[in-house]
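Before any comments, here is the structure.
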Amino acid sequence: MCGLFRFAIIFAALVSARSVMAAPNLVFIMVDDLGKEWVSSYGAENIATPHIDRLVKTGLRFHNVYSMPQCTPTRATLLTGQYPFRHGWVNHWDVPRWGRGCHFDPAQNPSIARVLKSAGYRTCVAGKWQINDFRIQPNVLAELGFDEHCMWTGYESGVKASGKRYWDPYLNTKEGSRTYSGEYGPTVCNDFLLKFIERQQKDRPFFIYYPMILTHGPLTTTPDKPDASTKLEKHTAMVEYMDTLVGRVVAKIDECGLRKNTIVIWTTDNGTSGGVSNRLNGRLVRGAKGRTLENGTCEPLVASCPGLVPHGDTDALFDFTDLLPTMAELAGAKLPADHVIDGKSIAPLLLGKADDGPRKWIMAMGGGGGTYDANGRVINRYLYRDRVIRDKRFKLYVETDRSAAKLVDLQNDPAELKNVIGDPQFASALAKLKRVERSFPAEDAAPRYSPLPPQRWDVKQAKPGRSTGLKGLPSNAPRRKKN
């Protein structure tokens, strides 16, 4: 009997180990500030991105993917699986720079890393964070579920060196923050990830979140193009070096014999910064970061795992709320029961078990600088932030008073030049998207957090949107009352 019991335990352990081994490794790569007009496999001209193009040739290329139009709303959305109206990060907020006790609170928000860690994944993040201050919360990434990290801290108010993310970068690891003299920040973070991959064993899956430092300003040279001088030359060089770093990650996965069980997802967090333009399929496209135009919110996304993810193109609808539930299903992890998750899983599509995703619409909202009330607590300026909702063909612009302002037929007007909201032939499309809008809460939430203790650098802090010069907030919106 004792022998049978021992055998049963060993057998159960073997079954468990096999189930863990079967779970795919998950690598999520997100570029900072880059639209489709800078990715050659999407039809971009005057640029070469061969490593991303290679992912397209071995994977699934998406055409209808929505991020939020600016940094903070996008990052909080992918981490939580919630829309900004629910998690509260409707506006941009550099936590290390603007402080006021605000932070992405591990105790009050779901975290994609914690979800995957609960399923046995080793987890790592490298690149840009900006929604916590590591001086005050040195262990916050571990609390959010990341085993290892190498991050640009974000500009820390009062620490001049922290403003550097490219040459001589100021980066944070478990050993603390320091300047890496003579080095290039994106390369340091990339090398950190390559070493993490090398240490992984095939008996346990891993999750990598790679929010790249590139290609966000300030425009600068790269190790491959040290002589780039003009604005366009520097931006082009940064795009090309981003592509090179993506290629190094995929090459390391190949080298370690992990490619057949590693799903690599590559995308961007929002459109290209304003003032930078390029041609896309014969049409000039201007950078639209912070705006809800398609070139500000509809991003490139490629998923690749030869032999597992099918090859081709898809018009499936996907927005950044969907990342958490998709990866949870791929990993065999349970969604957090104590939070509402807005996203929907597209795991069957990625695994070739479905021809389309479950979504009938996607949505984007948020941007500009946030503000705070008289007590110093960060709030959203407006009760209801303007937003866009679209299906595979039509897109509706919604104002801050919840009125429908513009309807675009993207199939026939990709540049969004014509408002067809009054055209009777599109009445049913308008009604459909208006019904979606009516399902949203009447008032956007504010960021959820327990305030951190006041810091000496908070005293001189100015309100974002004023001295910081952040833009992107509508002027016709009803403002929140301050306490």
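The values are calculated or read from the model by the stated rules, or taken from the named source; none is laboratory data. What you are looking at is a predicted structure, and each value in this text was computed from that prediction instead of being measured. Here the Cβ positions follow ideal geometry from the backbone for every residue, glycine too, while neighbour counts run over all protein chains shown.
Values for this structure:
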read-out	value
Lone unmet requirement of (1) crowded, with 22+ Cβ neighbours inside 10 Å; (2) touching an Asp or Glu at 6+ places or on another chain (Cβ under 9 Å); (3) within 27 Å of residue 259 (Cα to Cα) for residue 53	(1)
Candidate set from region 263-296 (those that are among the β-branched types (Val, Ile, Thr), under 22 Å from residue 322 (Cβ atoms) and in contact with an Asp or Glu (Cβ under 9 Å, 6 or more places away or on another chain)); member that is surrounded by the fewest Cβ atoms within 10 Å (Cβ to Cβ)	267
Set 17, 44, 12, 8: member being in contact with a Leu (Cβ under 7 Å, 6 or more places away or on another chain), among the aliphatic types (A, V, I, L, M) and either modelled with pLDDT under 95 or buried (at least 20 other Cβ atoms within 10 Å of the Cβ) (or both)	44
Residues that are crowded, with 17+ Cβ neighbours inside 10 Å, touching a residue at least 12 places away in the same chain (Cβ under 8 Å) and not β-branched (Val, Ile, Thr), drawn from region 218-247	219, 234, 235, 237, 238, 240, 241, 242, 243, 245
Set 166, 170: member being hydroxyl-bearing (Ser, Thr, Tyr) and closer than 29 Å to residue 255 by Cα	166
Considering residues of region 395-441 that are assigned to a loop (DSSP other than H, G, I, E, B) and basic (Lys, Arg) only, the residue surrounded by the fewest Cβ atoms within 10 Å (Cβ to Cβ)	418
Qualifying residue in region 108-126 (condition: on the phi > 0 side of the Ramachandran plot and crowded, with 22+ Cβ neighbours inside 10 Å)	no
Close pairs (8 angstrom Cβ cut-off, 6 or more residues apart or separate chains): free of Cβ contacts under 8 Å to residues at least 40 places away in the same chain in region 184-211, crowded, with 18+ Cβ neighbours inside 10 Å and of a type in the set (Val, Ile, Thr) anywhere	184/222; 185/213
Region 369-378, residues that are under 22 Å from the mean Cα position of the chain (by Cα) and surrounded by fewer than 24 Cβ atoms within 10 Å (Cβ to Cβ)	369
Residue among 75, 86 that is assigned to a helix (DSSP H, G or I), within 19 Å of the chain's Cα centre (by Cα), modelled with pLDDT of 95 or more and closer than 21 Å to residue 186 by Cβ	75
